[in-house]
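Let me begin by presenting the structure, written as structure tokens, before commenting on it.
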Amino acid sequence: MGIKGLTKLLADNAPNAMKEQKFESYFGRKIAVDASMSIYQFLIVVGRTGTEMLTNEAGEVTSHLQGMFNRTIRLLEAGIKPVYVFDGKPPELKRQELAKRYSKRADATADLTGAIEAGNKEDIEKYSKRTVKVTKQHNDDCKRLLRLMGVPVVEATSEAEAQCATLCKAGKVYGVASEDMDSLTFGAPKFLRHLMDPSSRKIPVMEFDTAKILEELQLTMDQFIDLCILSGCDYCDSIRGIGGQTALKLIRQHGSIETILENINKERYQIPEEWPYNEARQLFKEPDVLTDEEQLDIKWTSPDEEGIVNFLVNENGFNIDRVTKAIEKIKSAKNKSSQGRLESFFKPVANSSAPAKRKEIPESNTKGATSKKTKGGGARKKK
Amino acid sequence: MLELRLVQGSLLKKVLESIKDLVNDANFDCSSTGFSLQAMDSSHVALVSLLLRSEGFEHYRCDRNLSMGMNLGNMSKMLKCAGNDDIITIKADDGGDTVTFMFESPTQDKIADFEMKLMDIDSEHLGIPDAEYHSIVRMPSSEFQRICKDLSTIGDTVVISVTKEGVKFSTAGDIGTANIVLRQNTTVDKPEDAIVIEMNEPVSLSFALRYMNSFTKATPLSDTVTISLSSELPVVVEYKVAEMGYIRYYLAPKIEEEEDAKP
């Protein structure tokens, strides 16, 4: 899923574009969350051992509800305002990839049956993870729960990541939380990984800044998209033998996939016969998304207490005490006024002093190191 | 080449104690006019701005503007090794990657050299424009410390309001509420005990007490504290550092959000 090896490529070539941040430091921020990805994670992680899942009396799985409920409360308590974006119809180009995933799942199901017969616990664990599938029912359950909780839900026309990126570009949200690196290719200005991880794992949030990535890689956005397509995306095959590193080198050298194709040694690299790279590029650049202001009017409202209790306790067998306590948490989180940030009052300026560690020292700078460093004339920007 | 000799070494020790809890790593900027620092806490809610003017040093040599990245925890460890009466000298070379702190006892019979590694810190510098504040309160620093400490046992947010009547600090928590009102009082024996309230416009703002409490770590530096408030700006809590400069803390207010008002 996502872009093959992009995390490592960025860590090696654009280390300053990724920053570790504390979960707590996102208070007051509006964040678009890729819901499908989260539900998938919940189904795998929450209350599952082997083939056993959390279920209600009727035997329907409730792991996703448990996960969505608790994780969302954690976000709200930290003062984060999440907006969940659900996948719509997958784009045509993704069919191949989806078919691949489908057959993989079918294989895993077969393997799982085998493992259960053989009674191999490790294998049961391994294969049952792979058979997890997010159904329409799961999605609908989560949407219903979120709406009851007063958390906004956006139903994308197509890919959720693309919709998240659009929200972020429009300034509706601060960043996009997903595990799928596609979000960067769709141009989300800020992309957060591990935001939805359980607090018990104690993994800091990794924040990617797209503008900085482009600056550090010295690429334009179009070139970055080409780089992602070459590295391997969900929408088309990549050229065998070309991974992230080589792709970056080629893009820097030639500028675009077209010029690479003209110059590349076709004996050595087998270019796929049918290679819809241009369509994939188009999909990243102009994805099918909602941009209508009306539909994107995102609001956080008070929770519907009765509705939540009815849905979780009566229909899905949750413990009533826990649910009421959780609702209290939502309500108290709502009443908290949010902490402001200094950036909303003061604007960053370039620093005038040269770092002591740097060998090259600028011309003697008359700028005083007083408290006011506004409009640093002739100031050097640190790299 | 940089060489700064501070006779009253204890000042530097106190300065560091008053910022190290708020900021882990920071760049110290040296120029011909003085030794300064600007740094934000990790969540970018509070900012500390320090200035020690060159005139305050017995000897001040700074050939080129230098920015030295230091881990404040480590720097504090080193400065704790200096006696309270010691003379502290800060030394650094232009291209070097270390800074040296030299401690001399007043009787010149003991000289200690501590060398610390510098860090490369990519910090953002914020431009803080001069502003006319709606209200300015000057009060004994120990009184302010006491108020912040007391209120934080009740709630986590303090509302500071300045009106004709005086300045009110209030909070609310699970166990109840608290209100402390101070009135203007200039008829005191010692000028530093005075409470002076300059009000151009009434103002009322909410702040996190956690940060206020960490600002009061600067109380040993100065007998008085000045609190400047404006409704559209972060509060400024200022402590003078002897005659040579200041520590100013800026704290972004808590904001009621418009969306919460809707059902």
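Overview of values
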quantity	calculated
Among the residues listed as B:A208, B:A242, the single one being out of contact with any His (no Cβ under 7 Å at 6 or more places or on another chain) and away from every other protein chain (no Cβ under 12 Å)	B:A242
Residue within the range B:79-92 that is of a type outside the set (V, I, T) and within 13 Å of B:E3 (Cβ to Cβ) present	yes
Search result, residues across the range B:93-117 that are within 14 Å of chain A (Cβ to nearest Cβ) and more than 14 Å from B:L6 (Cα to Cα)	B:D93, B:D94, B:G95, B:G96, B:D97, B:T98, B:V99, B:E115, B:M116, B:K117
Set A:N278, A:N314: member being closer than 30 Å to A:S332 by Cα, of a type outside the set (F, W, Y) and not assigned by TED's automatic domain parsing to the domain that holds A:K212	A:N314
Residue pairs meeting the criteria (Cβ under 8 Å; at least 6 apart or on separate chains; first within 7 Å of another protein chain (Cβ to nearest Cβ) and within 17 Å of B:F207 (Cβ to Cβ), in the range B:32-49; second polar (S, T, N, Q) and assigned to a loop (DSSP other than H, G, I, E, B))	B:M40/B:S123
Helices (runs of 4 or more DSSP H) enclosed by the range A:106-206 - at least 1 residues per element that are modelled with pLDDT of 90 or more	A:136-149, A:160-169, A:182-185
Number of the condition not met by A:F224 [criteria: (1) within 24 Å of A:E286 (Cβ to Cβ); (2) not assigned by TED's automatic domain parsing to the domain that holds A:Q245]	(2)
Some residue of the range A:11-30 being crowded, with 22+ Cβ neighbours inside 10 Å and touching a helix residue (DSSP H, G or I) at 6+ places or on another chain (Cβ under 7 Å)	no
So B:S123, is it outside the structural domain of B:K254 (by TED's automatic domain parsing), touching an Asp or Glu at 6+ places or on another chain (Cβ under 9 Å) and under 30 Å from B:Q8 (Cβ atoms)	yes
Failed condition for B:D86, given (1) surrounded by fewer than 22 Cβ atoms within 10 Å (Cβ to Cβ); (2) closer than 24 Å to B:P220 by Cα; (3) more than 11 Å from chain A (Cβ to nearest Cβ)	(1)
Test: residue in the range B:160-176 that is of a type in the set (D, E, K, R) and assigned to a helix (DSSP H, G or I)	no
Residue in the range A:209-224 that is of a type outside the set (D, E) and under 30 Å from A:T301 (Cα atoms) present	no
Residue in the range A:296-334 that is surrounded by the fewest Cβ atoms within 10 Å (Cβ to Cβ), counting only those that are in a loop (DSSP other than H, G, I, E, B) and polar (S, T, N, Q)	A:N319
Test: residue in the range A:282-293 that is over 26 Å from A:T7 (Cα atoms) and of a type in the set (F, W, Y)	no
Whichever residue in the range B:99-128 is outside any strand (DSSP E or B) and in contact (Cβ under 8 Å) with a residue 12 or more places away in the chain and, among such residues, is surrounded by the fewest Cβ atoms within 10 Å (Cβ to Cβ)	B:P106
Selected residue (criterion: surrounded by the most Cβ atoms within 10 Å (Cβ to Cβ)) from residues of the range A:147-168 that are in contact with a strand residue (DSSP E or B) (Cβ under 8 Å, 6 or more places away or on another chain) and farther than 25 Å from A:I225 by Cβ	A:V151
From A:K89, A:K129, residue being surrounded by fewer than 14 Cβ atoms within 10 Å (Cβ to Cβ) and among the charged types (D, E, K, R)	A:K89
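A quick yes/no check of all residues on (1) within 25 Å of A:F86 (Cα to Cα); (2) in contact with a His (Cβ under 7 Å, 6 or more places away or on another chain); (3) within 14 Å of another protein chain (Cβ to nearest Cβ); (4) at pLDDT 90 or above:
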position: A:E273; (1), (2), (3), (4): no, no, no, no
position: A:Q282; (1), (2), (3), (4): yes, no, no, no
position: A:E286; (1), (2), (3), (4): yes, no, no, no
position: A:D304; (1), (2), (3), (4): yes, no, yes, yes
position: A:E363; (1), (2), (3), (4): no, no, yes, no
position: A:A369; (1), (2), (3), (4): no, no, yes, no
position: A:G377; (1), (2), (3), (4): no, no, yes, no
position: A:K383; (1), (2), (3), (4): no, no, yes, no
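The values are calculated or read from the model by the stated rules, or taken from the named source; none is laboratory data. None of the values given here were measured: they were computed from a predicted structure. Neighbour counts run over all protein chains shown; Cβ positions are idealised from the backbone, glycine included.
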